[in-house]
1. In Å³ and rounded to a whole number, note down the convex hull volume per residue for the Cα atoms of the chain.
2. Pairs K25/K395; K57/K254; K377/K487; K67/K409; K261/K433: which exceed 19 Å Cα-Cα?
3. What number, in nm² with one decimal, is the all-direction average of the projected area of the convex hull of the alpha-carbon atoms of the stretch 418-544?
4. Using the number of other C-beta atoms within 10 angstrom as an exposure proxy, rank M188, M392 with the fewest first.
5. Ranking I483, I470, I80 by Cβ neighbours within 10 Å, fewest first, what do you get?
6. How much of the DSSP bridge set in the chain is antiparallel, in percent, rounded to the nearest 5?
7. Assigning unit charges at the beta carbon (Lys, Arg +1; Asp, Glu -1) and nothing else, what dipole magnitude in debye, to the nearest 20, does the stretch 418-544 show about its Cα centre?
8. Hey, if you put +1 on the Cβ of every Lys and Arg and -1 on every Asp and Glu Cβ in the chain, which of M392, L285, F412 ends up farthest toward the positive end of that dipole?
Amino acid sequence: MNAKESLMTWSAKDRDTYLAELSEKTYDVLIVGGGITGAGMLRALGLRGISTALIEKDDFGFGTSSKSTRLAHGGVRYIINGEFSLVSEACHERDWLRGALPNLVRPVPIVMINHNAIGSLAFGMYLRFYDLLSGWNNYKNYTHLSLADCKEAEPQVSIPGTHSASRIYECIINDARLTLEIAKEGVMTGGTAVNYLEAKRIITKNGRATGVEAVDRLTGDSLVISAKNVVNACGPWTDDLMPEDSPKVIRPSKGVHIVVKRENIGNVGGLYVKNPADGRSIFVLAHGDFTYLGTTDTDYPGSLDDCYTEREEYEYLKMSVDSCFPDARFEETDILGTYAGVRPLVLDPTETTETKTSRRELVDEVSPGYFVITGGKLTIFRSMAEKLIEFMAKKGAFDIKKSDTKRSKNRFVLGLTPEEWAASITSKAFDEKTLAHLYQNYGVGGLSILDAVTADGSTGDAITTGQPNIQAELDYCLEHEMITRVKDFLLRRTNLSLHQRDDHETLGRETAKRMGASLGWDDARIKSEVAEYVDIAHKNSFFLGT
Ligand SMILES: Cc1cc2nc3c(=O)[nH]c(=O)nc-3n(C[C@H](O)[C@H](O)[C@H](O)COP(=O)(O)OP(=O)(O)OC[C@H]3O[C@@H](n4cnc5c(N)ncnc54)[C@H](O)[C@@H]3O)c2cc1C
């Protein structure tokens, strides 16, 4: 099969058909929660031929899975906490993912500064151990950088007392798009996945889960979805769907990120830099023309649905950047966008510090036929899914063949290597930046987007000036990526909202018009779509006083 033929239709235009299917069928497994954990389960179960549905109360990736540091990484700092098996697992998963979805998961160097010879030696040994835990499979092993090498690698970095530096490689990802591609591959295996459907209650019969009662958040209609097993993959919301008398599972921890133009900071790749006040490190990461700065890590008692960046969090990140990039132009008015997410850390009553709380996942049976999977990391979504599947099989949820474990290690059908992309593109009508953007974000889908432009040149027009996105992307997402609301496209399928400081009104309106023409929206719907999008875009930078 030609790569493009593997693209399936998955569109809000067919929502009624999907809803009818959800009401009529009895699934082997119903997953609640469309973050990376739920999407990973959908894909892994589908690859084993187990009939599966997934419902998400907002958009796929709406929760933590679009608010991360955007790294597939081993978690070098968890070695200090003695979490060797977690680090080793995460390194192996990172390296598998780099090969399985190479357009979306790409190596990035991370530089860390050393302040004296002994520190440099000790940290070098620590990082050799990190390479060992990855089975020496990382893109490149740790390297020691002399002061001169460090200056060459990151010329704008200037920290008093720098002795040398250490460099390792992790991988940058686009978290929301990764979640989406996993969900799409799950749907391609025969799974059903619908957004804006909220599970309100687990239904039981004779003490065993038999499905959920859900509400369609677009219409307010209720429906019952039947399944032999239900999985709670609600991330930070996990406790909301647990029995009333059960102890809390989640310790919510907030983390924010700020995005500026890369030229404002001057970093070349990635750095892990210390905040001078508390010694905690944050990432300074190059994503094309942009730099992402983050993150914070603080206990969060607030609303999970309305979580935004506060001024003091910006000031904390600014302090870290200013201490190592003295020439950075990083004022409030330089900020393009911010995002704030909540880590679903598994509650450990004995641990008092957020930063030290383990990133290990929890896999358990809540009651017969009702399972929970939470915690963990984006990076280990595949191995987390495999652990729950094996656990569920042991509990009699379904039969599995041990040999099928390997299937989730298959390459992504929708992924492409740079060589495959170069050999397949039919149109070079765009500049390098646009082509790189289409390749990196869409893989096989990028080829289909280019075909659309060949058929109708006007779809090659830019969506907004200064960003590489073109109109054909919106049409592609309408057809293949289940965008249901304007915010789905601007906040998650693309980075348009995050990479643009001003004029969200125009961006929202133009997107709503094009989506409305395809999905049959009236004026009132268009207006409310724009209003909701603009409200979120402004809250994402409300501390600017805009
Ligand atoms: C600041 C920050 C930085 C991070 N950086 C990294 C990183 O660089 N690399 C990494 O590997 N990990 C990172 N993580 C961790 C990683 O992002 C999370 O572990 C992961 O995204 C959790 O995914 P999830 O699917 O479990 O939760 P979520 O993504 O939150 O998904 C849960 C979903 O369930 C839905 N839901 C909730 N209740 C219901 C209901 N009743 N009905 C239907 N749907 C419901 C929600 O809307 C949500 O979309 C970071 C986390 C944070 C906060």
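Every number here is computed from the coordinates shown, using simple stated rules; none is lab data. From a predicted model like this one, the values you see are computed outputs, not experimental measurements. Heads up, the Cβs are rebuilt from the backbone with ideal geometry, glycines too, and the neighbour counts pull from every protein chain shown.
1. In the chain, the Cα hull volume divided by residue count equals 150 Å³.
2. K25/K395; K57/K254; K377/K487; K67/K409
3. 7.9 nm²
4. Values: M188 18, M392 24.
With the fewest neighbours first, M188, M392 line up as M188, M392.
5. I80, I470, I483
6. On the way: 61 of 79 bridges.
In the chain, approximately 75 percent of DSSP beta bridges are antiparallel ones.
7. In total the dipole reaches around 360 debye.
8. Positive-most Cα among the choices belongs to M392.
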